[in-house]
Amino acid sequence: MKKGLFLILIGLCCTVFSFNCFASNYALHVWGYNSTSVDINLYNLSSVYSTAFSNAKSSWNNVDTPCSIYSSPYSSNYIYDIAYNSTYLSQYLVYENDYTDPDHITTRFNIKINNNYVMTMQTQEKGSIIAHEIGHAFGLNDYDAVSTVLMSHTRNRYSLYSPKTGDIEGVNASW
Ligand SMILES: [Zn+2]
């Protein structure tokens, strides 16, 4: 818990007080999955998201971090799509945790995609949304100080759909 909060505060200070201060563009949280090898079950994911999921998975697995993600029919972590009344495009939901590793406490999570918005988006945008949620499982928090990272809500989802330097540095700092 302390490590995550400390890094978030450093990032905010650099953004606010100095233009020249070098700051990595990421923030961490403790709700990442408790393993660098993240299993996820696609059973409840519509096939309209298959290509986007595959792209998002590859985009993370092809960059240099300790973390990776793979699909498994035996996984208790689900990614699923549903139409629901909310302003969220998607959510990373933690269902179970323990404190064996206090920096990565989640032992079961779901990624929920809101079909009201996302179903009709382009494949790149769908992939950007899924890759962002995978970033949460890898230990990254949302980061809105810049729009040039995957974890920013103000990113262009059509053109920014894979992990950028700040995202990669964040995962490496988390692990
Ligand atoms: Zn997020």
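The values are calculated or read from the model by the stated rules, or taken from the named source; none is laboratory data. It should be emphasised that the depicted structure is a prediction, and the values quoted were computed from it without experimental measurement. Here the Cβ is made from the backbone with ideal geometry for all residues, glycine too, and neighbour counts use every protein chain on show. The protein model used for the area step is the full one, side chains on, heavy atoms only, and it has no ligands, DNA or RNA in it. Shrake-Rupley method; radii C 1.70, N 1.55, O 1.52, S 1.80 Å.
Determine the share of region 29-159's accessible area contributed by carbon and sulfur atoms, expressed in whole percent, with a 1.4 angstrom probe.
46
Would you mind putting 37-45, 85-93, 53-61 in packing order, based on average other-beta-carbon counts within 10 Å, highest first?
By packing density, highest mean first, the sequence is 53-61, 37-45, 85-93.
Roughly how many debye, to the nearest 20, is the charge dipole of the chain about its Cα centre, given +1 on each Lys and Arg Cβ, -1 on each Asp and Glu Cβ, and no other charges?
240
State in Å² the accessible area per residue of the chain; use a 1.4 Å probe, count heavy atoms of protein chains only, and round to the nearest integer.
That works out to 51 Å² for each residue.
Using a Förster radius of 22 Å, what is the FRET efficiency between residue 144 and residue 61 based on their Cβ-Cβ separation? Nearest 0.05, please.
0.30
Would you compute the Debye intensity of the chain from its alpha-carbon atoms alone, equal scatterers and no solvent, and pass along log10 I(q)/I(0) at q = 0.08, 0.11, 0.19 Å⁻¹ to two decimals?
Each listed q corresponds, in turn, to -0.22, -0.43, -1.28.
Return the long-range amide H neighbours of residue 67 (sequence gap of 5 or more, or a different chain), with a cut-off of under 5 Å between placed amide H atoms.
When sequence neighbours closer than 5 places are left aside, there are no close amide H contacts.
Å³ per residue of the Cα convex hull, for region 88-143?
Measuring per residue, one finds 77 Å³ for the Cα hull of region 88-143.
Looking at region 58-101, what % of the alpha carbon pairs are farther apart than 14 Å?
For region 58-101, the fraction of Cα-Cα distances above 14 Å is 70 percent.
Would you mind computing, in nm to one decimal, how far apart the modelled labels at residue 47 and residue 68 are, each placed 7 Å from Cα along Cα→Cβ?
For residue 47 paired with residue 68, the spin-label model returns 2.8 nm.
Along the charge dipole of region 40-175, pointing to its positive end and built from +1/-1 on Cβ of Lys, Arg, Asp and Glu, which listed residue (94, 49, 70) has its Cα farthest out?
Farthest along the dipole direction, towards plus: 49.
For every helix of n ≥ 4 consecutive DSSP H residues, a contribution of -39,500 (n - 2.57) applies; sum these over the chain, divide by its total residues, and give [θ] at 222 nm rounded to the nearest 500 deg cm²/dmol.
One gets -10000 deg cm²/dmol as the mean residue ellipticity at 222 nm.
Looking at 111, 148, 123, which one has the Cα that reaches farthest to the positive end of the dipole of region 83-159 (charges on Cβ: Lys, Arg +1; Asp, Glu -1)?
123
Label residue 108 and residue 175 with points 7 Å out from Cα along Cα→Cβ: what is the distance between them in nm?
2.3
Return the percentage of antiparallel bridges among DSSP beta bridges fully within the chain, rounded to the nearest 5 %.
Percent antiparallel among DSSP bridges in the chain is about 40.
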